[in-house]
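Some notes on the structure that comes next.
The values are calculated or read from the model by the stated rules, or taken from the named source; none is laboratory data. Source: prediction; values computed, not measured. Ideal geometry is used to build each Cβ from the backbone, glycine not excepted, and the neighbour counts take in all protein chains shown. In case anyone asks, the SASA skips ligands and DNA or RNA and just uses the protein heavy atoms, side chains included. Shrake-Rupley method; radii C 1.70, N 1.55, O 1.52, S 1.80 Å.
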Amino acid sequence: MAIEERSRGVQARVEVTLRPGEAGFTVRTTLHNPHGEARALQYWTNAMLSPGAHGVQASLRFYYPTDTVIVHSRGDGSLPDAHGTMAWPVHAGIDMSHYANWRDYLGFFAPNLLAPYTAVYDEATELGMVRVFPPEIVRGNKLFAFGLGFGDSRAYTDDGSQYVEMWSGLSPTFWDDVTLGPGASVTWGETWYAIAGTGGPSIAGAEGTLTAAREGAAVRVTIGAIGERRWTVRVLQGERSVATREVVVRPDVPYRELVSLDDAAEARTVTVRVEDARG
């Protein structure tokens, strides 16, 4: 799909690719300034989500790997106003990554993510969505949700149901522009895919997600994938390998295992590696 934006004359080409056997898609976008002078612009996309349920449930969680967000708008007066910063995920002792703790609408930007992904995951339906992107190009990472107790949902949906919005943009916030020089272009790709039965990601990439959590003298490992993948999973405690597994992962069948660790070395760092055939 190719269009020309009327007010600035910037050309946009968007290609969406769905590959066989994959529970996701890639979006490749090119913006081109055909003019002899620079043009300032913003470019945003927005996915409206309610994973596995008719409307958003209190069991939904948000995965934005950062420690600070910038408020765009909010209905809860206990939160900072627009342009204010807020600790994430825990603000004033409240875990805001858990939708059950939202008391009205909230929108925020997360321009300085520590990893190149965002995600939402419903722990009751065990379904979610992951977005993976190039952070050196795409700095706009916005989340919006109505929140529990929001009283005007029918202004947005026919039946009063709710959804959350996971945004992607070139500029860090709605208050910033990006400038394309004369004849300049910018191109990037994003991958969006569904996850099921993973418990939400500890980390995510374009091929899959890893969830890892210590449980005493063991580590619980869960791996999801965008399509059927054959991988090698290695668990190391310090420098010592404690488990190596050859696994097959599908979008509807994640790999799960509780891997025992060495009690005598419980304090050592645990590393989980997921490798393809190229290592």
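For the range 230-251, the set of residues classified as exposed (fewer than 13 other Cβ atoms within 10 Å of the Cβ) and either free of Cβ contacts under 8 Å to residues at least 12 places away in the same chain or closer than 30 Å to Arg19 by Cβ (or both) consists of Arg230, Glu239, Ser241, Thr244, Glu246, Val248, listed by residue number. For first residues located in the range 12-41 and farther than 19 Å from Thr209 by Cα, partners that are open to solvent by 50 Å² or more (accessible area, probe 1.4 Å) and among the basic types (Lys, Arg) and lie 6+ apart or on another chain with Cβ distances below 7 Å form the pairs Glu15/Arg28; Thr30/Arg13; Asn33/Arg39; Arg39/Arg8; Leu41/Arg8.
Determine whether Arg19 is among the basic types (Lys, Arg) and assigned to a loop (DSSP other than H, G, I, E, B). Spelling it out, Arg19 is indeed among the basic types (Lys, Arg) and assigned to a loop (DSSP other than H, G, I, E, B). If you go through the range 125-165 and keep only what is more than 17 Å from Tyr193 (Cβ to Cβ), among the aliphatic types (A, V, I, L, M), open to solvent by 20 Å² or more (accessible area, probe 1.4 Å) and modelled with pLDDT of 95 or more, you end up with just Ile137. Of all the residues in the range 214-229, those that are open to solvent by less than 70 Å² (accessible area, probe 1.4 Å), over 18 Å from Thr269 (Cβ atoms) and not hydroxyl-bearing (Ser, Thr, Tyr) number 6. The residue of the range 55-74 that is least open to solvent (accessible area, probe 1.4 Å), among those that are farther than 9 Å from His98 by Cα and aromatic (Phe, Trp, Tyr), is Tyr64.
Thr211 meets all of the listed conditions (1) without any contact (Cβ under 8 Å) to a residue 40 or more places away in the chain; (2) part of a loop (DSSP other than H, G, I, E, B); (3) surrounded by 17 or more Cβ atoms within 10 Å (Cβ to Cβ) but one, namely (2). Considering every residue within the range 270-278, establish whether at least one is more than 15 Å from Gly208 (Cβ to Cβ) and small (Gly, Ala, Ser). No, every residue in the range 270-278 fails to be more than 15 Å from Gly208 (Cβ to Cβ) and small (Gly, Ala, Ser).
Looking at Trp231 and the list (1) closer than 30 Å to Gly9 by Cβ; (2) among the aromatic types (Phe, Trp, Tyr); (3) touching an Asp or Glu at 6+ places or on another chain (Cβ under 7 Å), which single condition is not satisfied? Of everything listed in (1) closer than 30 Å to Gly9 by Cβ; (2) among the aromatic types (Phe, Trp, Tyr); (3) touching an Asp or Glu at 6+ places or on another chain (Cβ under 7 Å), Trp231 misses just condition (1).
The number of residues in the range 177-207 that are touching a residue at least 24 places away in the same chain (Cβ under 8 Å), part of a loop (DSSP other than H, G, I, E, B) and open to solvent by 20 Å² or more (accessible area, probe 1.4 Å) comes to 9.
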